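Here's the structure we're looking at; comments come further down.
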Amino acid sequence: MKLLEILLSEDDYSIPELMLDPNFKKWVLLPISVMMVLTGLLKQNLLLLISPKYRGYPRVKLTESQWFMRGQMLLGNGTNLDDDSFESRRHEMINILSSGTYLAKQNKNNSNNGSNNTGESGVTNPFSDPNINDSLMTMAKGNMANFIPQTVIMWWVNYFFGGFVIMKLPFPLTIKFKDMLQNGVMTENLDVRWVSAISWYFISVLGMNPLYNLIQGSDEQQVINDNTTGNNTNQILGGPGQPAPETLMKNLANDLTIATRHESCFVNIESRVLKMYE
Amino acid sequence: MEESFSRLLENYSTCYSDLMEFEALKNLLLRKEKKTKSKIVSETTDSSFFDSATFFGLKINLAHILMSFLIKILYIVSILQVLHSGFSSYEFHQLVKNTNYKDHYSLPKDIQLECCIGLALFILTSFLSFTKLQYYPIKPSINNKLRLLTTDQYLKDISLSRANNVHNLIGNDPNGEVTFTPNFVDLQRKRKEISDWLADNSKE
Amino acid sequence: MSLTAVRQRLLTINNTRTYVEFDPRETVQLYNETKRYLKHGDTQLTPEQRLSLMEMLFYLSIFCSEDVEAQVIYNQISDTLGEESCKLQVMKATLLQFNGSIEEAIKYLDDLIRQEYEYDTDMASYTVLSKKLLTLKLYYGKDYNNNDVNNDINNNTENKQTKKYWDTWIKEINILIEKSPLDPELWWFLAKIYELNRHFDYAIHCLQEVVLIMPFNYIAFAKLAEMYVYYSMSTKINHKDKVEVLKSALNNALRSVELSETFLKGWTLIKLICERLKDEDKTRLIKLANKKLKEIGNESNDYDRFISGYILSK
Amino acid sequence: MSVNNVDDNGNPVVDLNSATSASILQNMDNVNYNKKMYVNVMDKISLMSGTVTGILQYESLTGFRNFFIIYFGCIIIYILFICKGKPSRFYANVFNDLVFEHLVRELLGFVMAWTFSFALVG
């Protein structure tokens with residue numbers, strides 16, 4: 001609140017004017033700004049490079065999760081059907097899900113005749129699974145790409161441009177900012193508006209977003225349906241930390257059993273259309 | 001060349017589920033086709049016409065090219081103005097700093113004015129740079145021309161029923177990947193159809 | 001600006017695969033235009049979009065029997081991407097189909113699916129390859145040689161040979177659907193086959209699956225309405241049910257226009273169905289449909305104008 | 001989009017149970033497109049007005065006042081000329097989408113440009 005008061009107060013009290021070497025502008029302010037822009041662009045491209053790669057699964061596993069998703073879709077989009085077709089589909093899906101026709105493990109056991117007993121082991125160690133390690137790696141990489149450039153630049157600014165005041169802010173701040181913004185400047189009574197290089201770094205970190213947008217985002221792609229939303233069919237059941245596919249299917253079957261109240265989108269559609277367009 | 005019309009009507013046969021009636025309609029179109037055939041064939045095989053008119057649609061878009069050029073110029077002018085006033089302001093402050101009367105001088109009016117005009121011009125230009133949405137129809141019309149369809153809006157409708165109007169306007173099926181069953185196309189038949197058509201047309 | 005519109009048109013045609021629906025004249029024109037566009041270059045085209053347009057050009061060259069050029073395009077794409085992706089594999093199979101023999105293409109795809117895609121895949125790639133394999137096998141394969149089969153609606157249910165042929169199709173597609181129940185294209189194609197064989201009730205079932213998967217597909221709703229109309233005309237059902245079926249048809253048609261305001265087919269179907277439902281008072285709907293058709297006739301593309309004008313004049 | 005990305009049903013699964021009426025449904029691509037157009041123009045303007053404010057050597061309150069005048073002025077121009085007076089047709093939640101959602105972003109961009117040109121000129 002106090003900050004707001006000071007921010008909004010007309011600047012009546014005069015501040016002692018400092019004479020700064022104009023070379024500060026040339027050799028401190030500009031290099032930091034250029035570095036900020038460049039690393040921002042670099043980061044974007046880096047994120048593209050380390051984006052997760054295509055990952056495959058065995059086909060049976062995908063079939064299993066697709067049948068599960070079909071049940072979910074019936075629940076979610078069932079309003080698109082009339083009552084009779086919804087009912088018949090509901091019963092069909094309940095049968096399929098509760099009997100586990102398309103469970104991947106079952107198929108495997110049938111074909112290999114118990115050569116592998118994966119069913120017994122229960123919960124596996126998440127770190128022994130290479131797939132999970134992969135996803136953890138991509139997550140970690142994404143985070144690293146975000147904060148490593150930040151740390152590096154901050155260090156760079158502090159190391160090369162620390163210990164002196166380079167500019168005056170156009171707005172006043174409370175005394176609390178003194179520690180942060182005049183870091184390394186040994187003057188107790190200097191006004192907070194005189195700040196060191198690191199505060200220019202902070203301001204540009206906060207305010208760079210519009211600039212990045214202008215530099216790279218001006219392609220006004222007007223493609224009418226650009227189907228880049230990716231396919232949602234590749235999620236698989238029983239990922240890390242999830243219950244077994246079998247349980248999930250049973251649960252969904254239960255949900256479907258309960259879902260007897262079906263609300264079709266065709267109820268009152270005529271009056272709705274008339275109201276919309278007439 | 002009305003064959004495309006009849007083909008389209010075939011898709012719309014649905015509307016006339018009486019097949020008999022549909023046949024009658026088709027015959028009507030075929031008769032019409034015979035009448036107009038000679039004229040249209042000469043148009044389709046005229047390759048120079050084909051080159052200029054269908055591709056870039058130069059005639060219609062001269063105004064647009066001029067407009068985008070003008071907008072670029074305006075951007076440059078406004079940015080130069082702001083830069084120039086910035087430099088003037090810099091010089092002024094350097095001068096004033098070395099005198100003892102720095103509180104007595106404020107920035108000269110002309111610099112202020114130049115700066116403000118630059119900003120106003122910039123804002124104006126960035127609003128002018130919005131263009132109305134334009135589309136080419138998916139299928140060329142019977143004389144092989146693509147007529148540029150301009151809508152009267154700068155932004156896209158968000159409500160689903162209106163957003164789909166664009167598809168209807170240009171004759172697009174947004175779910176074509178499903179409805180045309182592209183993975184089940186009989187390639188050999190398609191090739192034959194096209195080579196037959198090419199043979200027919202090159203003869204005439 | 002016009003370049004934007006050209007780019008946008010080509011990309012839309014590619015994304016929706018509309019080019020497989022074009023008639024010969026349109027195909028040849030699109031082929032020339034795409035070629036010229038890619039040669040001319042466009043700075044705003046991203047590399048991905050460029051590649052996808054090249055894929056379209058590949059298929060267009062195949063359509064126009066320009067096999068050499070297709071091979072060149074294939075080489076260009078595979079130089080940038082490698083041959084791992086399923087789209088490239090389908091393209092390769094297509095090239096084999098015309099440059100080598102169909103058996104070769106079938107064997108290539110079969111091996112690929114069996115040895116690789118069964119164990120390490122994503123569903124889209126798996127189904128795309130399977131569909132291509134199925135197409136090759138059933139359209140041109142030795143076991144099902146059927147060049148005489150006529151797809152014409154009028155004369156195929158009687159012919160035993162064709163019936164057997166379509167039964168194979170239905171069986172094969174069902175096997176694929178068991179593996180990948182969320183692929184709308186499979187359901188749609190199955191509906192198409194049932195429609196050809198005049199099993200409209202089965203076709204309705206398949207289209208309802210499409211609608212479940214793609215809840216806003218207004219084209220599918222209109223198709224459903226169309227199937228209901230056909231179903232109501234078939235001899236199987238009595239008069240009382242007929243009205244019910246027509247009502248379902250009307251509901252679906254209404255849903256399609258609810259999702260898309262100026263959808264010509266939807267409004268036409270509404271007009272038609274309302275005229276058939278003689279017992280009930282639908283004057284308001286008919287009036288609305290006429291109004292909308294008039295609007296379409298005033299401001300849509302040339303084809304829709306022509307058709308709406310025709311329908312209104314009737 | 002790319003050749004190795006086969007796409008079949010990219011459609012979103014939306015729970016329609018709550019809203020069967022299509023008048024509420026929105027096309028997300030268009031929503032994003034409109035927002036992007038708006039952000040693009042506002043980004044340009046806020047950076048430019050920050051620069052100008054710095055050149056004029058405005059300080060504290062005057063500078064912030066400058067920002068808010070330009071910001072709200074541009075919103076009004078945008079609504080009147082680009083949205084043709086009907087912003088609700090293009091933006092689901094007009095106040096949030098046009099005023100509040102990007103306020104902090106544009107303000108920080110403005111402050112950055114302001115500080116920068118203030119320091120360079122002064």
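Pick from region A:183-192 the residues that are surrounded by 16 or more Cβ atoms within 10 Å (Cβ to Cβ) and free of Cβ contacts under 8 Å to residues at least 24 places away in the same chain: which of them is nearest to A:Ser204 (Cα to Cα)?
Selected residue: A:Val192.
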*Could you grab me the full set of residues in region C:199-221 that are at pLDDT below 90, aromatic (Phe, Trp, Tyr) and either under 16 Å from the mean Cα position of the chain (by Cα) or assigned to a loop (DSSP other than H, G, I, E, B) (or both)?*
C:Phe216
*Read through the list (1) out of contact with any Leu (no Cβ under 6 Å at 6 or more places or on another chain); (2) crowded, with 17+ Cβ neighbours inside 10 Å; (3) free of Cβ contacts under 8 Å to residues at least 12 places away in the same chain, then give the number of the only condition that D:Gly50 fails.*
(3)
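Quick test for you: out of A:Asn158, A:Asn146, A:Asn189, pick the one residue that is away from every other protein chain (no Cβ under 14 Å), under 19 Å from A:Leu20 (Cβ atoms) and polar (S, T, N, Q).
Sole residue among the options that is away from every other protein chain (no Cβ under 14 Å), under 19 Å from A:Leu20 (Cβ atoms) and polar (S, T, N, Q): A:Asn189.
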*With a cut-off of at least 2 residues that are at pLDDT 90 or above, facing chain C (nearest Cβ under 7 Å) and within 20 Å of C:Ser65 (Cβ to Cβ), name the helices (runs of 4 or more DSSP H) lying wholly within region B:154-204.*
B:187-203
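Evaluate the following for D:Val94: is it buried (at least 19 other Cβ atoms within 10 Å of the Cβ), in contact with a Ser or Thr (Cβ under 6 Å, 6 or more places away or on another chain) and among the hydrophobic types (A, V, I, L, M, F, W, C)?
Considered against the rule, which asks whether it is buried (at least 19 other Cβ atoms within 10 Å of the Cβ), in contact with a Ser or Thr (Cβ under 6 Å, 6 or more places away or on another chain) and among the hydrophobic types (A, V, I, L, M, F, W, C), D:Val94 comes out as no.
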*Between residues in region B:83-94 that are surrounded by 14 or more Cβ atoms within 10 Å (Cβ to Cβ) and residues that are among the charged types (D, E, K, R), which pairs lie under 6 Å by C-beta distance while being six or more apart or on different chains?*
B:Ser85/B:Glu114
*Being of a type in the set (Lys, Arg) and surrounded by 14 or more Cβ atoms within 10 Å (Cβ to Cβ) is the filter; apply it to region A:130-182 and report the residue that is farthest from D:Gly54 (Cα to Cα).*
A:Lys141
*Among the residues of region C:182-205, which ones are surrounded by fewer than 20 Cβ atoms within 10 Å (Cβ to Cβ) and within 19 Å of A:Arg70 (Cβ to Cβ)?*
C:Tyr202, C:His205
*asked:* Condition (residue is in contact with a helix residue (DSSP H, G or I) (Cβ under 7 Å, 6 or more places away or on another chain), within 14 Å of chain C (Cβ to nearest Cβ) and either modelled with pLDDT under 55 or assigned to a loop (DSSP other than H, G, I, E, B) (or both)) applied to region D:30-44: is it met by at least one residue?
replied: no
*Test each condition in (1) at the interface with another protein chain (Cβ under 7 Å from one of its Cβ atoms); (2) in a loop (DSSP other than H, G, I, E, B); (3) closer than 30 Å to B:His84 by Cβ for B:Cys115 and report the one that comes out false.*
(2)
*Right, B:Leu128: more than 10 Å from chain C (Cβ to nearest Cβ) and either at pLDDT 90 or above or under 30 Å from B:Leu74 (Cβ atoms) (or both) or not?*
yes
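The rows are residues; the columns are (1) part of a helix (DSSP H, G or I); (2) at negative phi; (3) polar (S, T, N, Q).
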{"position": "C:Arg7", "(1), (2), (3)": "yes, yes, no"}
{"position": "C:Asn15", "(1), (2), (3)": "yes, yes, yes"}
{"position": "C:Leu30", "(1), (2), (3)": "yes, yes, no"}
{"position": "C:Thr34", "(1), (2), (3)": "yes, yes, yes"}
{"position": "C:Gln44", "(1), (2), (3)": "no, yes, yes"}
{"position": "C:Met54", "(1), (2), (3)": "yes, yes, no"}
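Within region C:229-245, identify whether any single residue is within 18 Å of A:Glu278 (Cβ to Cβ) and in contact (Cβ under 8 Å) with a residue 12 or more places away in the chain, and answer yes or no.
Within region C:229-245 (the criterion being within 18 Å of A:Glu278 (Cβ to Cβ) and in contact (Cβ under 8 Å) with a residue 12 or more places away in the chain), the answer is no, since none of the residues qualifies.
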*Filter region C:18-73 down to residues that are more than 28 Å from A:Leu48 (Cα to Cα), more than 19 Å from the chain's Cα centre (by Cα) and β-branched (Val, Ile, Thr) and give me whichever is nearest to the other protein chains (Cβ to nearest Cβ).*
C:Val28
*So which residues in region D:54-70 are within 19 Å of the chain's Cα centre (by Cα) and within 11 Å of chain B (Cβ to nearest Cβ), if there are any at all?*
D:Asn66, D:Ile70
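The values are calculated or read from the model by the stated rules, or taken from the named source; none is laboratory data. Please read these numbers as outputs of a predicted model, since none were measured by experiment. Positions of Cβ are backbone-derived with ideal geometry, glycine not excepted, and every protein chain shown enters the neighbour counts.
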